[in-house]
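For reference, the structure is listed below as structure tokens.
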Amino acid sequence: MKDRSLAETWLVRAKSNLARARLGRSAPDILYEDLCFDCEQAAEKSLKGLLILKGIVPPQTHSLALLVETLEKHHYPVPNTIKGAVPLTHYAVSTRYPDSYEPVSEREFRAALKGAETVCNWVEEQFGEIS
């Protein structure tokens, strides 16, 4: 399923989530939990776009670990800095349901944002190297 156009669409969606996360708490009603969800989504969509670009059908999952494992299973090396963002998966589901998580701090959000940016930047570099 090698489809550069579809892969680029996933990357555009990832950049949208990342842009929203970068806006931060621009209003008092914005929760860090929701910003962290955007961080996870940016990383997830980036990795799914890369899988498609490589001709690999991405699994229907929110697990960043599974997405990384899928790349590696297809002999695509993933740097440790990218694997370091796997904990973002926590924000994919649990923080969307009240009473199922501890409140997210600004420090935790900043770390999530850094992880998402690292994944998105790396995936963009891969897009440039794959024709």
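A few remarks follow.
- Where a label projected 7 Å from the Cα of residue 93 along Cα→Cβ would reach, residues of segment 49-84 with amide N under 12 Å: 61-64
- Placing unit charges on each Cβ (+1 for Lys and Arg, -1 for Asp and Glu) gives segment 1-51 a dipole about its Cα centre, and among 49, 32, 18 the Cα reaching farthest toward its positive end belongs to 49.
- Among 66, 88, 51, residue whose mean-square fluctuation peaks in a GNM of the chain (springs only between Cα atoms under 10 Å): 66
- Whole-number accessible area per residue in Å² for the chain, which is evaluated in the context of all protein chains at 1.4 Å: 55 Å²
- Entries in 73/114; 15/83; 2/83 that, when Cα-Cα distance is taken, lie over 22 Å: 73/114; 2/83
- Nearby aspartates and glutamates by direct alpha-carbon distance to residue 48 (threshold 17 angstrom, same-chain neighbours under 8 apart not counted): 3, 8, 38, 40, 69, 72, 117, 124, 125, 129
- Heavy atoms of residue 37: accessible area, 1.4 Å probe, square angstrom to 10: 50 Å²
- Rounded to the nearest 10 Å², the accessible area of residue 90 at probe 1.4 Å: 90 Å²
- Taking all protein chains together and a 1.4 Å probe, the residues 10, 122 rank 10, 122 from largest to smallest accessible area.
- Within the assembled protein chains, the solvent-accessible surface assigned to residue 57 is about 100 Å², based on a 1.4 Å probe.
- Where labels lie 7 Å past Cα in the beta-carbon direction, separation of residue 8 and residue 61 in nm: 2.9 nm
- Cβ-placed point charges (K, R +1; D, E -1), dipole of segment 1-117 about Cα centre in debye, nearest 20: 520 debye
- Helical segments meeting 15 Å axial Cα length and Kyte-Doolittle -0.5 threshold in the chain (DSSP H): 4-23, 32-53
The values are calculated or read from the model by the stated rules, or taken from the named source; none is laboratory data. Computed from a predicted model, the values in this text were never measured in an experiment. Cβ atoms come from the backbone with ideal geometry, glycine included; neighbour counts cover every protein chain shown. Ligands, DNA and RNA are excluded from the accessible area calculation, which covers all protein heavy atoms including side chains. Shrake-Rupley method; radii C 1.70, N 1.55, O 1.52, S 1.80 Å.
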